[in-house]
Structures are given as C-alpha cells and as structure tokens.
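The structure under discussion appears below in the form of structure tokens.
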Amino acid sequence: MRIIVAGGDGFCGWPTALYLSEKGHDVTIVDNLVRREIDNELHSNSVTPIASLQERVDKWKELTGKEIKVYEGDLNHYDFLSLVFKNERPEAFVHFAEQRSAPYSMIDRKHAVYTQQNNVLGNLNVLYAIKEFEPDCHLIKLGTMGEYGQPNIDIEEGYIEIEHKGRKDTLPFPKQPGSFYHLTKVHDTHNIMFACKIWGIRATDLNQGIVYGLNTEETKKDPVLANRLDYDGVFGTALNRFLIQAAIGHDMTVYGSGGQTRAFLNIKDTVRCVEIAAENPADQGEFRVFNQFTESFSVQELAEKTKQAAKDLDIEASIKNIENPRVENEDHYYNAVNTNLIDLGLEPYLLTQDVLKEILQEALEHKDRIIVDNVLPKVTWK
C-alpha cells in the first residue's frame, strides 16, 4: 500500500513510518521539521540524541534495503501538498503533522493562533487534496482522547445515542476540550465529518490517549534510528517528566491532587493501531472513530508506579504535589470505551514495571543531556 506519514519525523510518526515500511508498505514521509525548531525556541531537547531525518532514512535503507521517501514542506502550503499527492498517489494518508502540545498552545496569543492555523488549516488542505487528487485515499487522522474532556458519563467511541423528548438519534459525543490545542482536534473532527458527508471521503479518526514508551523493534535496530524522548514542561507528558525527574534526583511534581485520570497506550500499540486502521479502511463516505488507548491511570498512580520502578533500580525517588498550572478537574469520573481496535485484533502492550525501567535506564544513560530547568512547568492556563 502507498502510505504517506505526515509528521513522520516526530515521536509517533517516526516509529510508525519505520513499522509500516518494515511491513512492506511503500512509505513516504512529509514533514516541515518544525518540531526540531521548537526545541530551539524552548531551549529544550530530546533526552535521546536524534539524527537528522535524512540520516535516519539513509540508515534505514542501509539496514533493510527499504526506501522511505521524504518531502520537506508544510501542509499549509497547498501547492506543495498538491505536488506530493500527484507524485505519490497515496492510498492512505496518516496525519500526525499537527502541533501536539497543550501547554505550547497556551503560552500566549501567538502560540494559540499558530496552533489553530497550523492544525485546522493544514488538515483542511489535506481534505481538499484527497478530494481533488485521490478521492479513494483513506485519511487516518490522529485525534485525541482529550477532545472528550472528563464527562460524568462513560465516553463512547465518537458517537452516542440520545433520547430527548421521546425521540432518539445517534449524535457525535459531546466535546469538552481542555486547551486551544485540544480545540483544534475538535475542529478537525467536524471538518472531516463534514467532508465525508459531502464528498464521500473515507476517514478514521484515531482518538489517541497519551503515548508512553520509547522504542519499537524498528527503532532499536541502530542508534541512528532512535526515537525522541521529550521531558520538559511543554512537550513532556506527565509520565516522561516523572521518569526524567527520578533520573536526576528531582522531586516528581504532581499537578494538584493528582486525581486527573487519562487514557494511555504504548508507542508499540500506536504503530499497530495505525496499521490496523490502514488494513481495515473506512467505507466511502464513512467517518469512523476509534478510541486508541489500552489503559487509564491517574497522575498520582503514574507517580507511584515511577517511584517503584526507580526503587527497583536503587534510586530513591520522592513525590511532591505542586500547584496545578492548568485549569482542569482534578478528581472526576473517567471511563472510556475502546472496543473497536481490540475487536480488529489489537493485542495491547501494558504499562509494566519493566517498561518503566527501560525508559528510566535510557534516561540514566543520557542523563548529561537533561536540562534541569526544563523539568518544571512554566506555562499557566490562568
């Protein structure tokens, strides 16, 4: 299958591109490399050293004989995107190419506007490119479980049956996004749903939980193929931050009470979920939603798990609750449905102590690269 992976230089996109290539697909990466520029802007870095994208794909070809083509450019530039579609004629378009950090979108007006423009308009360009050049192309869009918020009812997969004043209908599940970033994903959802209805596009929205883990079988083939590991208060997820804080002897900083509960999955499951979606495409005109996660944890539970993993490696880690820089419910009901991908064959990798220790050991190996000033939050919602 001819597959474009947009955002293929990123934390999720890079291992996905390698995995799909390893499985025999004809993979093309499209990326504007802005994530690397943001590292410079934030005076941050990946804990793991990251080779250039060209070095990465060259090493992959050297090791496997498989070529991954690269187009460096921006989805917001429609002439560029049109050229990619004309040249590659994708059968599936995997869309990771969005600014993915909630804190980044909340820095100030400029970053909120950038996030909205980059994400919403770039996705709209993709929809028009599919309509104009490859109407049978299957859009596999990475959404987020954060679109739903934390409602006091079970979270269904995209849709919910409502009975109101004696009448019933199946409607999109209500959205309660928690940042300008999460709002872009909601706008994407509405635009894709509309495009499917009026143009007959086929699309799968993968509402992904928070991804943890670092390596896949493909990224472990050579250090040049290493995946990035973010840890700062802007791009580092809570679990990554806790692991890096433990590695350098810093308190693991839990925001507020730590009762905030979210959905999680291993990076190995991310790549498999994309493959499942590609191999089982949506029907023409269908907008399909899969909740892409395997487990749920509170922030406090993650800190406790990290503390135990550190202890197993003879590291004394401590937990400290600090003022929450976000505006969010800290103690709430959370129960989400995730049956579609399981029914299609997903066999989850779960969050075990061995998984935590593997990431922690990687952090210890590159401990000298960690910028201590970056492990605390610097962006506030208020």
Where TRP60, TRP381 fall by accessible area, highest first, once all protein chains stay in place (1.4 Å): TRP381, TRP60
Antiparallel bridges, percent of DSSP beta bridges restricted to region 147-292 (to nearest 5): 40
Do you know the relative contact order of region 245-330, to the nearest whole percent, from alpha carbon pairs under 8 angstrom that are 6+ apart? 55
If you put +1 on each Lys and Arg Cβ and -1 on each Asp and Glu Cβ, how big is the dipole of region 136-238 around its Cα centre, in Debye rounded to 20? 280
Report the residue, chosen from ARG369, ARG241, ARG202, that carries the largest GNM mean-square fluctuation when the chain is represented by alpha-carbon nodes joined by springs under 10 Å. ARG369
Region 183-295: relative contact order in percent, alpha carbon pairs under 8 Å with at least 6 residues between: 46
Are there GluC sites (Glu not before Pro) in region 264-318 that DSSP marks as loop and that have at most 12 other Cβ atoms within 10 Å, and which are they? GLU316
Calculate how many DSSP beta bridges within region 125-222 are antiparallel, expressed in % of all such bridges and rounded to the nearest 5. 45
Antiparallel content of DSSP bridges confined to the chain, in %, to 5: 20
The chain: relative contact order as a whole-number percent, Cα under 8 Å and 6+ apart: 21
Taking protein heavy atoms only, a 1.4 Å probe, and rounding to whole percent, the accessible area of the chain owed to carbon and sulfur comes out at 47
Taking the chain as a Gaussian network, where each spring joins two C-alpha atoms under 10 Å apart, which residue of GLY345, GLY166, GLY149 fluctuates the most? GLY166
Could you compute how much accessible surface GLU163 exposes when probed at 1.4 Å, giving the result in Å² to the nearest 10? 130
Per-residue [θ]222 nm for the chain (sum of -39500 (n - 2.57) over DSSP H runs n ≥ 4, rounded to 500): -11000 deg cm²/dmol
How big is the accessible area of MET193 in square angstrom, nearest 10, if you roll a 1.4 angstrom probe over the protein chains? 50
For the chain, set up a Gaussian network in which alpha carbons nearer than 10 Å are linked by springs, and say which option among ALA17, ALA97, ALA317 fluctuates the most. ALA317
1.4 Å probe accessible area per residue over region 1-132, in Å²: 41
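The values are calculated or read from the model by the stated rules, or taken from the named source; none is laboratory data. What you are looking at is a predicted structure, and each value in this text was computed from that prediction instead of being measured. Using ideal geometry, Cβ is built from the backbone for each residue, glycine included, and neighbour counts are taken over all protein chains shown. Just so you know, the surface numbers come from the protein's heavy atoms only, side chains and all, with ligands and any DNA or RNA stripped out. Shrake-Rupley method; radii C 1.70, N 1.55, O 1.52, S 1.80 Å.
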